[in-house]
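Comments concern the structure below.
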């Protein structure tokens, strides 16, 4: 975290937009960003490749210490797990999104998401939670079709050691802010 930004809220605006996610590690993260950019997705370079646990959420800076404590407690109650990303899916026609499926680790993501989205981060979602990695969003139908076909061949397996709290910056780029390694919680 940059030293000019105190986590307790000093130097922050009235509200901060945060998100919680599992980072897709290299080289897979860059491969997905490159695919997004190749499809013409304008958000390709402003959103690190991830599996969302808490969608963009506006919070008061004064709540950040409580949120930090909550996320530490959530992480401590979970164990590292294996994630397998494979194949493509879509939320169309409900939402113009093409994604890579979470084939292994989806249940762990669901449990983790429910724990993260509680306490000071309790909120309703616009859609039921479905762990995934976005590869194209809000693009023309023919580009979404192409993205769907190309993503069918995507395959990545990796260990998930924890999750990140990210902040949406004034430059409209998401950046990791804090890391929360898993503890030795329930299997």
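The values are calculated or read from the model by the stated rules, or taken from the named source; none is laboratory data. Please read these numbers as outputs of a predicted model, since none were measured by experiment. A quick note on method: Cβ atoms are made from the backbone with ideal geometry, for glycine too, and the neighbour counts reach across all protein chains shown.
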Hey, among 56, 65, 48, which residue is under 21 Å from residue 175 (Cβ atoms) and surrounded by 16 or more Cβ atoms within 10 Å (Cβ to Cβ)?
-> 48
Only one of 43, 54 is farther than 30 Å from residue 142 by Cβ and in contact with a helix residue (DSSP H, G or I) (Cβ under 8 Å, 6 or more places away or on another chain); which?
-> 54
Tell me which residues, restricted to the range 71-96, are surrounded by 19 or more Cβ atoms within 10 Å (Cβ to Cβ) and closer than 17 Å to residue 55 by Cα.
-> 71, 74
Note on the range 11-30: residues within 19 Å of residue 98 (Cα to Cα), surrounded by 15 or more Cβ atoms within 10 Å (Cβ to Cβ) and free of Cβ contacts under 8 Å to residues at least 60 places away in the same chain are 29
Could you check, for the range 163-173, whether at least one of its residues is farther than 21 Å from residue 17 by Cβ and buried (at least 20 other Cβ atoms within 10 Å of the Cβ)?
-> no
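Considering only residues that are out of contact with any strand residue (DSSP E or B) (no Cβ under 6 Å at 6 or more places or on another chain) and either surrounded by 12 or more Cβ atoms within 10 Å (Cβ to Cβ) or over 17 Å from residue 93 (Cβ atoms) (or both), which ones fall in the range 124-137?
124, 125, 129, 130
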Pick out the one residue from 98, 51, 5 that is at pLDDT 95 or above and within 15 Å of residue 176 (Cα to Cα).
-> 51
Kindly provide the set of residues from the range 57-69 that are in contact with a helix residue (DSSP H, G or I) (Cβ under 9 Å, 6 or more places away or on another chain), in contact (Cβ under 8 Å) with a residue 24 or more places away in the chain and more than 13 Å from residue 164 (Cα to Cα), ordered by number.
-> 57, 59, 63, 66
If you check residue 64 against the conditions, is it part of a strand (DSSP E or B) and either closer than 17 Å to residue 16 by Cα or at pLDDT 95 or above (or both)?
-> no
